[in-house]
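I have placed the structure first, in the form of structure tokens, so that the comments after it can refer back to it.
Derivation of every value follows stated rules applied to the coordinates shown; laboratory data play no part. Keep in mind the model is a prediction, meaning the values are calculated, not measured. Cβ atoms come from the backbone with ideal geometry, glycine included; neighbour counts cover every protein chain shown.
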Amino acid sequence: MSAVLDTDRIERSIVINGSRERVWRALTNAEEFGAWFGANLAGQVFEPGRHIQGPMTLPGCEHLVFDAVINRIEPQDLFSMHWHPYSGEPESAYVGEEPTLVTFTLKEAGDKGILLTVVESGFDKVPAHRRRRAFDMHSEGWDFQMKNVASYAGDAE
């Protein structure tokens, strides 16, 4: 896995030994996304403009809610969504706050499988009182989640 850091964006990449179709389904089927991400998204569908919510299921995070708006879906290439990073407050606490953008891209990695990259950008627009904590928590979180999706959709290298 590789990492690129600056103050506005987090970038992580991992090669997954699995088919493009399998990795894509793990990202864009709401229930499968929830399975590896740790959120109950049962019965929901990812489509542009749709607001998705579901309780987190990861131990210690059950008090949190996965809350995102699907942005773009370009089949088997790009999937993106907006959300409020490190959002443990009631939804009303983020009214007027610009969310970050999470973008997943898939590329062939030769005979090794699929290169999955996630970029979360827009941290410089998060209010100053929560920006550093949100950035740090999501930086660690994407390390964890990239391993989760790789485990779920194939074998990571």
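Rank Phe135, Val95, Gly113 by how far each Cα sits towards the positive end of the charge dipole of region 2-156 (+1 on Lys, Arg Cβ; -1 on Asp, Glu Cβ) and give me just the farthest. Comparing the listed Cα positions along the dipole, Gly113 ranks first. Arranged from fewest to most other beta-carbon atoms within 10 Å of their beta carbon, Leu27, Leu78 become Leu78, Leu27.
Between the amide H of Phe46 and those of Ala30, distances stay under 5 Å, these residues lying 5 or more places away or on another chain, with hydrogens modeled in the peptide plane. Taking the Cα centre of the chain as reference, the dipole from Cβ charges on Lys and Arg (+1) and Asp and Glu (-1) amounts to some 60 debye.
The helix-only estimate of mean residue ellipticity at 222 nm for the chain, built from DSSP H runs of length n ≥ 4 each weighted as -39500 (n - 2.57), is -9000 deg cm²/dmol after division by the residue total. Panel order for Thr100, Thr28, Thr7, by other beta carbons found within 10 Å of each beta carbon, from fewest to most: Thr7, Thr28, Thr100. In terms of overall dimensions, the chain has a Cα radius of gyration and Dmax of 14.9, 47 angstrom.
Exposure proxy for Val23, Val118: other Cβ atoms within 10 Å of each Cβ, ordered fewest to most, give Val118, Val23. Using the Cβ-Cβ distance between Glu97 and Glu140 with R0 = 22 Å, the FRET efficiency computed as 1/(1 + (r/R0)^6) comes to roughly 0.55.
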